[in-house]
Every structure is written in C-alpha cells, then in structure tokens.
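Working notes for the structure below.
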C-alpha cells in the first residue's frame, strides 16, 4: 500500500495510517461525522468498522455512502443514501484526511448504498433503542 505517515491523523483512531488508506472508522466516528451535519445515526449502532468501503476519486478525495434508512435528519428518513466525503490535505510535510461534507445524494448519482424503500415511511423517528 502507500507509505506510512509518521504523524497521526486529526482524529483519535489509534490505528496505523498509510498515505493511501482512510480509516478504519468505528461507529462512533461515523455517527460524529453525521451529527456534524445534522444527521443522527441509528442509536442501536452501525456496523463495527468501516475500512474498505470507501470509494476513491484520485488520491485526494474519498467517500463513504450510508444506507438511507440508517440515518435520520430530525425524524425524516432521506430518500437517497447519505455520502460522507473526505479530502486529503497536504501541509508540505504530512497528509491528513479532513471531513469535507455529509449530504444526501441527488437523484441519479450512483451508489452501492441503498435508497429508502418507498414502502418505508418518510417520517420515522428512531425507536428508543434504535433498530437492530
């Protein structure tokens, strides 16, 4: 893979990072990314870790798509998956991945994550302990 970065990334993941690697991200990391943009993750939790689910565009942009029913904005389920986009920034010595955006995908944008099923209610508050 890529060469190792000697300085840790701006997030406290406790993992060894390589220049071409992003993550692993754990459920609380993904939930924090979503929360920063007004989304909430399933209170029952998300998958254990996101390591190889990123899509890369060149060497400086990566994104992770989250299934629509796994998040809420208020009590509303998005129609399309929510994309977490990271951009690699280089300060002359170190390169770091920085959160760039979190947003629902527009109609027609391809994704491996699932859209909201039309039979699933648009307005759907999380149950107290989430959905297992």
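Data overview
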{"quantity": "Some residue of segment 110-122 being modelled with pLDDT of 90 or more, under 17 Å from residue 38 (Cβ atoms) and assigned to a strand (DSSP E or B)", "calculated": "no"}
{"quantity": "Those residues of segment 82-109 which are touching a strand residue (DSSP E or B) at 6+ places or on another chain (Cβ under 6 Å) and assigned to a loop (DSSP other than H, G, I, E, B), in sequence order", "calculated": "105"}
{"quantity": "Within segment 38-56, considering residues that are at pLDDT 75 or above and out of contact with any strand residue (DSSP E or B) (no Cβ under 8 Å at 6 or more places or on another chain), the one farthest from residue 76 (Cα to Cα)", "calculated": "44"}
{"quantity": "Conditions (1) modelled with pLDDT under 55; (2) surrounded by fewer than 19 Cβ atoms within 10 Å (Cβ to Cβ); number of the one not met by residue 17", "calculated": "(2)"}
{"quantity": "Condition met for residue 79 (out of contact with any strand residue (DSSP E or B) (no Cβ under 8 Å at 6 or more places or on another chain), modelled with pLDDT of 85 or more and either closer than 20 Å to residue 36 by Cβ or surrounded by 13 or more Cβ atoms within 10 Å (Cβ to Cβ) (or both))", "calculated": "no"}
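The values are calculated or read from the model by the stated rules, or taken from the named source; none is laboratory data. Just so you know, these numbers come straight off a predicted model, no measurement behind them. We place every Cβ from the backbone using ideal geometry, glycine too, and count neighbours over all the protein chains shown.
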